[in-house]
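Trainee: Before we start, here is the structure in question, set down as structure tokens.
Values in this text are rule-based calculations from the coordinates and carry no lab data. The structure displayed is predicted, hence computed values, not measured ones. Cβ: placed from backbone, ideal geometry, glycine included. Neighbour counts: every protein chain shown.
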Amino acid sequence: MVHKNIFLLLLSTIVTMNACGSDSSGGKEKPIDPPAETTGEVVAYVTTNNRSFDFAKQEVKFNAEPSMSPLTITLDPATRYQTMDGFGAAITGSTSFNLLQMKAEDRTKFLKETFSETEGMGQSYIRIAIGCSDFSLSEYTCCDKPGIENFALQDEENKYVIPVLKEILTINPNVKILGSPWTCPPWMKVNNLTELKPFESWTSGQLNPAYYQDYATYFVKWIHAMQDKGIPIYAITPQNEPLNRGNSASLYMSWQEQLAFIKEALGPKVKESAPGTKIYLFDHNFNYDNITDQNDYPVRIYEDAVASSFVDGAAYHNYGGDKDELLDVYNKQPDKELIFTETSIGTWNDGKNLSVRLIEDMEQVALGTINNWCKAVIVWNLMLDSERGPNRDGGCQTCYGAVDIDRSDFKTITRNSHYYITGHLSSVVKPGATRIGAKGYTNGVVYSAFENTDGSYAFVLLNKSEEAKNIVVNDGKQNFTYNAPAKSVVSFRWKK
């Protein structure tokens, strides 16, 4: 009898390991399981913080009978929140450079795993720079020579960013693209709005009001130039991190300046010449960089009816403050949208340590922003190399990508927390989905529920506790049980 029990235990262990997709690769090269159409049962994807489950696909059966388990979470489709736009990462100059160092077949395989709606995670939102960012190969704008008539897309965009975007759009034509400038052309800058002295520097300075119209034209020209290349622009922000003077390419833009620029120039020109492109305000931290008179930055602009009429909402980063600010802004202006557009991992926050970052980033960045009304979650660089580059002086020297590629072969890929958190969302929550209510068991778990446009339900669960949780999910008509491993993220999708 003892020998029989030992045999059954060994057999159970083998089956469990196969189901987990267990590997010892440290997140390297193991292929991502593609999503599957639901066929009356539940499709699940699970990742643990020790990679014993590495985005492993499983199928879960519905329970034959109702469950009375105290670990039940019940969906409430009648309670409806925001409509989701999507999830993804930034395609910076550095990301594009790294992708184009790969062999074509390796790059296509990775991009399909990331963006394909049928062969991969289905990531659906990309952020790009208008001109350079702090992760570009050089500092530039699309109009470095004075005179707006000199506007043109530059080599980095034509050689790197646009070819990568085209390949992604071939894989998933429904990807949304958001553009943000790190700086205006330096010849448009002044030292301050009192002296109005020329300030031709990549770093800091302010936009000269005399160039409001030219700079608005710059945005419209960029939108049209990208569209002419086959790259549709879904949205823009007027300035990346407008309260950060210290980035390698930067421009200070107070809420008062952004209001005036939008009201007098950017809003009317986009409405007239690029009416399908959304405008999101701010694009910076929850705490407004502790600048007291900049608190409630987007809300102050909403208070001007004319400026407000041109904008769709506000964008946030998490380098300062708390995600609760999103709920505060929503409550003050519930008719405006919220999106989350940047977060980084790096040496300062143990960014390569999935055992820490998977749980924290899923709770704070992904589910935390969604449960506070964000329609989109976008992380920073999709791909950096194994030496955290290419990077430039003045930019981040200590950042990791959502994935990192080995610089020695431009083939071996390590997936980090940001790749998993956006992937777990995009794999089951599709663009156009509505976040719905969910209530019940909450001890050590965080979750969010959605109804997709095809009628399927999506449910994303974080088990942040040290023990497995035998969770029951009930949609009101049917229920299933899933033993969520300790320290794991699990995504589910099923038909009603």
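Trainee: Do any of 159/269; 176/411; 103/159; 145/189; 336/439; 112/166 go past 18 Å between their Cα atoms, and which?
Mentor: With Cα atoms farther than 18 Å apart: 159/269; 176/411; 336/439.
Trainee: Report the FRET efficiency, 1/(1 + (r/R0)^6), for residue 76 and residue 442, where r is their Cβ-Cβ distance and R0 is 22 Å, rounded to 0.05.
Mentor: My answer for the efficiency is 0.95.
Trainee: How many nm is it between the label spots at residue 353 and residue 387, if each spot is 7 Å from the Cα in line with the beta carbon?
Mentor: Computed distance between label sites residue 353 and residue 387 equals 2.6 nm.
Trainee: Could you tell me which GluC sites (Glu not before Pro) in segment 340-400 are loop residues by DSSP with no more than 14 other beta carbons within 10 angstrom of their beta carbon?
Mentor: 387
Trainee: Tilt of helix 212-228 relative to the longest C-alpha principal axis of the chain, in degrees (0 to 90, nearest 10)?
Mentor: That works out to roughly 50 degrees.
Trainee: Follow-up. Classify segment 406-492 as rounded, prolate or oblate, taking a ≥ b ≥ c as the square roots of the eigenvalues of its Cα gyration tensor: rounded when a/c is under 1.5, otherwise prolate if a/b is larger than b/c and oblate if not.
Mentor: Here segment 406-492 falls in the oblate category.
Trainee: Relative to the present Cα-Cα distance, how much length would full extension add between residue 292 and residue 312 at 0.36 nm per residue of separation?
Mentor: My answer for the length gained is 4.7 nm.
Trainee: What order, most packed first, do the peptides 330-336, 110-116 have when packing is the mean number of other Cβ atoms within 10 Å of each residue?
Mentor: 110-116, 330-336
Trainee: Using r as the Cβ-Cβ distance of residue 67 and residue 364, and R0 as 25 Å, what FRET efficiency do you calculate, to the nearest 0.05?
Mentor: With R0 = 25 Å, the Cβ-Cβ based efficiency is 0.25.
Trainee: Taking Cα atoms of segment 112-210, Rg/Rh with Kirkwood Rh, to two decimals?
Mentor: Expressed as Rg/Rh, it is 1.11.
Trainee: Would you mind checking which residues have amide H under 5 Å from residue 386's amide H? H placed 1.01 Å from N; only 5 or more apart, or other chain.
Mentor: So residue 386 has HN proximity to 405, 407.
Trainee: I need the phi-derived Karplus couplings for segment 43-50: 6.51 cos²θ - 1.76 cosθ + 1.60, θ = phi - 60°, integer Hz, Gly and Pro marked x.
Mentor: 9, 10, 10, 9, 10, 9, 6, 10
Trainee: Report which label in (i) 89, 51, 38; (ii) 72, 65, 42; (iii) 66, 51, 44 holds the value of Cα extents along the principal axes in Å derived from the coordinates of this structure.
Mentor: Read-out taken from this structure: (i).
Trainee: Restricting attention to segment 151-238, which GluC sites (Glu not before Pro) occupy a DSSP loop and are surrounded by at most 10 other Cβ atoms within 10 Å?
Mentor: 195
Trainee: Which ³J(HN,Hα) values, rounded to whole Hz and listed in residue order, are derived for segment 114-124 from phi using the Karplus coefficients 6.51, -1.76 and 1.60 in 6.51 cos²θ - 1.76 cosθ + 1.60 with θ = phi - 60°, glycine and proline given as x?
Mentor: 8, 10, 5, 7, 10, 10, x, 6, x, 4, 9
Trainee: If each of residue 327 and residue 245 carries a label point 7 Å out from its Cα toward its Cβ, how far apart are those two points in nm?
Mentor: About 3.5 nm, to one decimal.
Trainee: Within straight cross-link reach of residue 229, meaning Cα distance under 20 Å, which aspartates and glutamates are found once same-chain residues fewer than 8 apart are removed?
Mentor: 149, 155, 156, 157, 167
Trainee: Order of 46-59, 417-430, 123-136, 282-295 by packing, highest average Cβ count within 10 Å first?
Mentor: 417-430, 123-136, 46-59, 282-295
Trainee: So how tilted is helix 162-171 from the main axis of the chain? Cα-based, degrees 0 to 90, rounded to 10.
Mentor: So the helix axis and the longest Cα principal axis differ by about 40 degrees.
Trainee: Can you compute 3J(HN,Hα) from phi for each residue in segment 146-158, using the Karplus curve 6.51 cos²θ - 1.76 cosθ + 1.60 with θ = phi - 60°, rounded to whole Hz and x for Gly and Pro?
Mentor: With coefficients 6.51, -1.76 and 1.60, one gets x, x, 5, 5, 8, 4, 6, 4, 9, 4, 4, 5, 6 Hz.
Trainee: Something else: What 222 nm value per residue comes from the helices of the chain, counting each DSSP H run with n ≥ 4 as -39,500 (n - 2.57) and dividing by all residues, nearest 500 deg cm²/dmol?
Mentor: -7000 deg cm²/dmol
Trainee: What distance in nm separates the two pseudo spin-label positions at residue 192 and residue 50, each 7 Å out from Cα along the beta-carbon direction?
Mentor: 5.8
Trainee: I've got another one for you. Enter the angle in degrees (range 0 to 90, nearest 10) between the Cα long axis of helix 2-20 and the first principal axis of the Cα atoms of the chain, meaning the one along which they spread out most.
Mentor: Taking the Cα atoms of the chain, the angle to 2-20 is about 20 degrees.
Trainee: What order do you get for 184, 142 when you list them from fewest to most C-beta neighbours inside 10 Å?
Mentor: 142, 184
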